[in-house]
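Structure first, commentary second.
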Amino acid sequence: MTKNEKITFVINTLNKLYPETPIPLHHKDAYTLLIAVLLSAQCTDERVNKITPLLFAKADNPYDMVKMSVSQIADIIRPCGLTPMKSKGIYGLSQILIDTYNGKVPQSFEALESLPAVGHKTASVVMSQAFGIPAFPVDTHIHRLMYRWGLSNGKSVQQTEKDAKRLFPEANWNKLHLQIIYYGREYSPARGWNLENDIITKTIGRKSVINAYNTKKAS
């Protein structure tokens, strides 16, 4: 297969498997999505979805959030890990939204990435899923699969994002990054991976990855 044929195969396969792409993190607007994505750093979406209802019951907007103290926020979000950074970030960014953006989440990468505890990936998720602006947030699943599929060298998430944006049509980015995450979780996980179930890797995968899998399975 040529590179273009591989890309078409990936898109078509994922569209068949995941015609709809609900956002895994529960939220009701750009602010609650921003907080949920921030909390998801080094934490599962499942756990975040258990914690955010507790947090949002007390504060689902920046004005209510800054009425709480950093330590009160920390007590609620502790199960998500990285508690000091996340609690300070949530309080700090909420204050900035009030002071600088009339309590609204700004619609630019530069403004989002200048907020405390908000990195490029978090900004990309908010831009794509809250505002519909093309972005390609790269998480561990996308990073792993782009390497397994021979579409990126796996050296860094920055390189993986560049390659994904170069290879896939921009109109597909916002849906595709979610589809790849769903696929990675269901068919191509890091642990307990069964190549027989992983139609995309089995069809277009990097030879060295497939060979390593077969060697490990045979041993």
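The values are calculated or read from the model by the stated rules, or taken from the named source; none is laboratory data. All values reported here derive from a predicted model rather than from experimental measurement. Backbone-built Cβ (ideal geometry, glycine too); neighbour counts: all protein chains shown. Remember, those area values only see protein heavy atoms, side chains included, never the ligands or the DNA or RNA. Shrake-Rupley method; radii C 1.70, N 1.55, O 1.52, S 1.80 Å.
Assorted remarks:
- For first residues located in segment 183-202 and touching a residue at least 12 places away in the same chain (Cβ under 8 Å) and farther than 11 Å from Leu14 by Cβ, partners that are of a type in the set (D, E, K, R) and surrounded by fewer than 16 Cβ atoms within 10 Å (Cβ to Cβ) and lie 6+ apart or on another chain with Cβ distances below 7 Å form the pairs Leu195/Lys202.
- Taken over segment 14-40, residues that are part of a helix (DSSP H, G or I) and either open to solvent by 30 Å² or more (accessible area, probe 1.4 Å) or more than 15 Å from Ile181 (Cβ to Cβ) (or both) amount to 11.
- Of all the criteria given as (1) part of a helix (DSSP H, G or I); (2) open to solvent by 70 Å² or more (accessible area, probe 1.4 Å); (3) more than 21 Å from Gln107 (Cα to Cα); (4) of a type outside the set (Ser, Thr, Tyr), the one not satisfied by Lys155 is (1).
- One residue alone among Asp45, Asp99, Asp64, Asp75 is closer than 18 Å to Gly119 by Cα and among the charged types (D, E, K, R), and that residue is Asp45.
- Residue check: Cys43 meets all listed conditions (1) open to solvent by 40 Å² or more (accessible area, probe 1.4 Å); (2) more than 21 Å from Val105 (Cα to Cα) but one, namely (1).
- Number of residues in segment 96-141 that are in contact with a Leu (Cβ under 7 Å, 6 or more places away or on another chain), of a type in the set (Gly, Ala, Ser) and more than 15 Å from Gln158 (Cα to Cα): the value is 3.
- Unmet requirement for Met146, which otherwise passes all of (1) in contact with a Phe, Trp or Tyr (Cβ under 7 Å, 6 or more places away or on another chain); (2) closer than 23 Å to Thr2 by Cα; (3) of a type outside the set (D, E, K, R): (1)
- Note on segment 164-177: residues that are closer than 22 Å to Glu113 by Cβ and either touching a His at 6+ places or on another chain (Cβ under 9 Å) or open to solvent by 10 Å² or more (accessible area, probe 1.4 Å) (or both) total 6.
- Residue in segment 85-95 that is modelled with pLDDT of 95 or more, open to solvent by less than 40 Å² (accessible area, probe 1.4 Å), among the polar types (S, T, N, Q) and not in a helix (DSSP H, G or I) present: no
- Segment 46-84, residues that are surrounded by fewer than 19 Cβ atoms within 10 Å (Cβ to Cβ), among the hydroxyl-bearing types (Ser, Thr, Tyr) and within 29 Å of Leu178 (Cα to Cα): Thr83
- So Leu145, is it touching a residue at least 60 places away in the same chain (Cβ under 8 Å) and either open to solvent by less than 30 Å² (accessible area, probe 1.4 Å) or part of a helix (DSSP H, G or I) (or both): no
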